[in-house]
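The values are calculated or read from the model by the stated rules, or taken from the named source; none is laboratory data. All of these numbers come straight from a predicted model, not from anything done at the bench. No Cβ is skipped: glycine too gets one built from the backbone with ideal geometry, and neighbour counts run over all protein chains shown. These area figures cover heavy atoms from the full protein model, side chains too; ligands, DNA and RNA do not enter into them. Shrake-Rupley method; radii C 1.70, N 1.55, O 1.52, S 1.80 Å.
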Amino acid sequence: MSPATISTNDTTTDTKGNVSRILHRTPWAPPIATSAKGIYVQLQDGRELVDAVGGAAVTSIGNGHPEVVKAVQEQVAKVAYVYNVQLSNEPAEELSRYLVDSGHGAFAACGFVAGGSEALEAATKLARQYYYEISQPQRTNFIARQLSFHGNTIGTLQLGNHPSRRRPYEAILNKTNFHHVSPAYRRRFSLDGESEEQYVERLAKELEDKFIELGPDTVCAFVAETVVGATSGVVLAPKGYFKVMKAICEKYGALLILDEVMCGMGRMGTLHAWESFGDGIHPDLQTVAKGLGGGYSPIGAVLMSKRIADGVRSGSGFWQHGHTYQAVPISCAAALAVQKVIKSENLLQNVLSAGARLSTHLREKLAAPSPAAPYIADIRGGGLFWGIEFDSPAGKPGFGPRVQEISLRNGLIIIGMGGGAAVDGSKGDHAVLAPAYNVTEEEVDLIADLFVKSVEEAVAEFLA
């Protein structure tokens with residue numbers, strides 16, 4: 001097998017000989033999970049895997065937490081479903097209060113959706129509705145960033161700029177209302193000799209120039225991941241970036257929308273990732289999803305400032321967005337229970353301490369004399385959200401995906417991707433680690449050991 005090749009299968013067959021009829025999202029047939037507890041996943045073939053990335057930064061408190069299981073079971077017995085156009089429900093109301101209060105004045109209202117892509121779709125629609133309600137109908141443009149990912153619907157693919165995910169659909173994407181500026185990725189995109197402050201100034205000028213090019217009063221919002229997730233591998237914006245970007249939005253009357261689907265709800269060691277930057281700014285609209293429900297039930301949310309809530313309430317008076325599975329009682333009960341566990345077990349503190357331990361292990365174990373050391377370009381992140389960027393051995397493509405494949409063979413689930421270091425998706429390899437917030441010290445050590453072993457095996461293979 002060549003280093004860039006991922007093993008493929010047409011079908012998955014279980015131990016009883018049943019052939020899967022699922023058209024999988026991967027070119028290979030994924031193994032079948034039968035049970036899970038904490039960060040451990042049991043497979044049908046008898047193997048046990050350690051989940052070091054929470055699926056995709058989803059399982060914030062692992063699988064099988066008794067408090068969440070109890071909450072879901074009790075809610076199923078009480079009210080499984082009501083349609084939120086007709087009836088609200090107790091868990092949705094309580095969860096909404098919790099989320100609004102968690103912003104300490106940043107938010108005045110929220111709306112529920114079924115996941116991350118829908119959250120971004122709903123946020124862009126809400127931004128547009130807001131300006132429609134306050135009699136600024138000319139605001140029809142959105143500005144996001146290259147190498148961004150905001151979801152897999154047609155609308156969110158237009159908003160984002162993830163080259164490989166957009167490629168099959170380019171011919172049907174709207175090039176009129178969605179525009180892009182450079183990523184905030186200093187390691188790859190700053191100029192020689194450019195300081196961090198100068199880099200931020202240049203990005204700010206680019207955004208302002210884009211406003212002026214489009215017509216400042218035509219822009220609805222600037223949209224960004226607070227911490228870039230899988231696309232480029234946990235990229236944190238340079239110091240002062242969001243403060244300057246929000247100032248530009250305010251100057252021209254536009255909104256700042258922060259996408260915290262992957263990095264929010266505690267992943268960075270603060271409940272909202274923007275709090276970890278400590279610069280005193282907050283978004284006008286914010287999306288959350290993965291860590292909100294922790295994988296126990298599909299759910300996402302759009303959090304909105306008083307400005308947005310008041311604008312809509314003084315106009316039509318209601319949110320003109322909806323789907324069948326919105327504010328579902330079971331999902332809201334699950335999410336509420338997850339958030340209560342995070343608070344009662346003081347897991348944000350564990351995110352910080354376990355994250356520091358993971359960072360230390362990675363930096364020590366992937367440094368010389370490790371054979372992988374020459375190919376580790378960067379180790380970055382915060383809390384329990386870490387990206388490892390690679391310089392592929394011998395310049396061969398596919399190193400990130402191959403590390404993922406070898407990790408799985410070694411009993412470790414990670415994310416390994418390529419194409420996150422160039423705006424056309426032509427280069428760059430990285431891995432992402434994002435274990436559950438209640439991961440133990442022993443489990444952190446195990447994750448680090450298995451990951452380093454897998455990277456070193458991939459290096460040996462690529463150099464062979």
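On the basis of being out of contact with any strand residue (DSSP E or B) (no Cβ under 6 Å at 6 or more places or on another chain) and of a type in the set (A, V, I, L, M, F, W, C), does Ala327 make the cut?
no
Name every residue in the range 260-273 that is open to solvent by 10 Å² or more (accessible area, probe 1.4 Å) and among the acidic types (Asp, Glu), in order of residue number.
Residues satisfying the conditions do not exist here.
Condition check: assigned to a helix (DSSP H, G or I), touching a helix residue (DSSP H, G or I) at 6+ places or on another chain (Cβ under 8 Å), more than 25 Å from Ile342 (Cβ to Cβ) and assigned by the TED database to the domain that holds Gly155. Does Ile212 satisfy that?
Values: assigned to a helix (DSSP H, G or I): yes; touching a helix residue (DSSP H, G or I) at 6+ places or on another chain (Cβ under 8 Å): no; more than 25 Å from Ile342 (Cβ to Cβ): yes; assigned by the TED database to the domain that holds Gly155: yes.
No: the conditions fail for Ile212.
How many of the residues in the range 179-220 are without any contact (Cβ under 8 Å) to a residue 24 or more places away in the chain, farther than 23 Å from Ala254 by Cβ and surrounded by fewer than 17 Cβ atoms within 10 Å (Cβ to Cβ)?
6
Name the residue, out of Ser316, Ser297, Ser305, that is closer than 22 Å to Leu348 by Cα and assigned by the TED database to the domain that holds Pro238.
Values: Ser316 fails: closer than 22 Å to Leu348 by Cα; Ser305 fails: closer than 22 Å to Leu348 by Cα.
The unique qualifying residue is Ser297.
Which members of the range 424-464 meet the condition of being open to solvent by less than 30 Å² (accessible area, probe 1.4 Å), among the β-branched types (Val, Ile, Thr) and assigned to a loop (DSSP other than H, G, I, E, B)?
The one that is open to solvent by less than 30 Å² (accessible area, probe 1.4 Å), among the β-branched types (Val, Ile, Thr) and assigned to a loop (DSSP other than H, G, I, E, B): Val439.
Out of the residues in the range 242-259 that are among the aliphatic types (A, V, I, L, M) and open to solvent by less than 20 Å² (accessible area, probe 1.4 Å), state the one that is nearest to the chain's Cα centre (by Cα). I'd like the intermediate steps shown before the answer.
If we filter the range 242-259 for residues that are among the aliphatic types (A, V, I, L, M), which is where we start, we get 244-245, 247-248, 254-258.
Right, trim to open to solvent by less than 20 Å² (accessible area, probe 1.4 Å) and you get 245, 248, 254-258.
Values: Met245: 20, Ile248: 25, Ala254: 24, Leu255: 21, Leu256: 17, Ile257: 14, Leu258: 11 Å.
Going through the qualifying residues, I end up with Leu258.
What's the number of the only condition in (1) closer than 22 Å to Ala109 by Cβ; (2) of a type in the set (S, T, N, Q); (3) within 21 Å of the chain's Cα centre (by Cα) that Ser276 fails to meet?
(1)
Evaluate the range 221-230: report whether one residue or more is assigned to a helix (DSSP H, G or I) and either modelled with pLDDT under 95 or surrounded by fewer than 18 Cβ atoms within 10 Å (Cβ to Cβ) (or both). Step through it out loud before you land on a result.
Initial filter on the range 221-230 (assigned to a helix (DSSP H, G or I)): none.
Among the residues of the range 221-230, not one is assigned to a helix (DSSP H, G or I) and either modelled with pLDDT under 95 or surrounded by fewer than 18 Cβ atoms within 10 Å (Cβ to Cβ) (or both), which makes the answer no.
Scan the range 54-79 and report the pairs whose first residue is on the phi > 0 side of the Ramachandran plot and in a loop (DSSP other than H, G, I, E, B) and whose second residue is open to solvent by 20 Å² or more (accessible area, probe 1.4 Å) and modelled with pLDDT of 95 or more, with Cβ atoms within less than 6 Å and a gap of 6+ or a chain change.
Taking only residues 6 or more apart or on different chains, the pairs are Gly62/Gly38; Gly64/Lys37.
Here is a list: Ser117, Ser135. Which entry is assigned by the TED database to the domain that holds Gly295 and in contact with a helix residue (DSSP H, G or I) (Cβ under 8 Å, 6 or more places away or on another chain)?
Working: Ser135 fails: in contact with a helix residue (DSSP H, G or I) (Cβ under 8 Å, 6 or more places away or on another chain).
From the options Ser117, Ser135, the qualifying one is Ser117.
Residues in the range 310-320: is at least one farther than 30 Å from Gln75 by Cβ and open to solvent by 60 Å² or more (accessible area, probe 1.4 Å)?
yes
Of all the residues that make up the range 283-309, how many are open to solvent by 60 Å² or more (accessible area, probe 1.4 Å), part of a loop (DSSP other than H, G, I, E, B) and more than 23 Å from Tyr81 (Cα to Cα)?
Selection size over the range 283-309: 0.
Spot the failing condition for Asn89; the list is (1) within 25 Å of the chain's Cα centre (by Cα); (2) crowded, with 18+ Cβ neighbours inside 10 Å; (3) not assigned by the TED database to the domain that holds Val403, and only one is missed.
Looking at each condition in turn, Asn89 falls short on (1).
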